[in-house]
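Please read the structure below before turning to the comments.
Bear in mind that the values in this text are calculations on the coordinates, not laboratory data. Remember, it's a predicted structure, so these values are computed and weren't measured experimentally. When we count neighbours, we look across all protein chains shown, and the Cβ atoms used for this are built from the backbone with ideal geometry, even at glycine.
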């Protein structure tokens, strides 16, 4: 589902990606989730727009249950913004591009 600009994360590789100095926006999703599918194209657009500045990643919560559990994710889509491995902010639900840009801007 992810494009070449959106990184697919696993439980095993999660920390290595989010602990970088570059901000990372992680979309926690599942293939059966309608709102997750609706927000997908927005995530792809952001990955292209912020390439080289922000890492945009997706994590399938069905295939990788440990990480969502660690962050207390109970609803999807949940998008969490990380900087230096720390949570900066998060949004739950299908939101618009403007809201996601505002979220990303918090890490600058």
Taking only segment 15-30 into account, find how many residues are crowded, with 20+ Cβ neighbours inside 10 Å and closer than 13 Å to residue 60 by Cβ.
4
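Each row is one residue, and each column tells you yes or no for (1) surrounded by 15 or more Cβ atoms within 10 Å (Cβ to Cβ); (2) closer than 22 Å to residue 11 by Cβ; (3) out of contact with any helix residue (DSSP H, G or I) (no Cβ under 9 Å at 6 or more places or on another chain).
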{"residue": "35", "(1), (2), (3)": "yes, no, yes"}
{"residue": "48", "(1), (2), (3)": "no, no, yes"}
{"residue": "65", "(1), (2), (3)": "no, yes, yes"}
{"residue": "68", "(1), (2), (3)": "yes, yes, yes"}
{"residue": "78", "(1), (2), (3)": "yes, yes, no"}
{"residue": "90", "(1), (2), (3)": "yes, yes, no"}
{"residue": "108", "(1), (2), (3)": "no, no, yes"}
Wholly enclosed strands (runs of 3 or more DSSP E) of segment 1-92 bearing at least 1 residues touching a residue at least 60 places away in the same chain (Cβ under 8 Å)
24-29, 78-83, 86-92
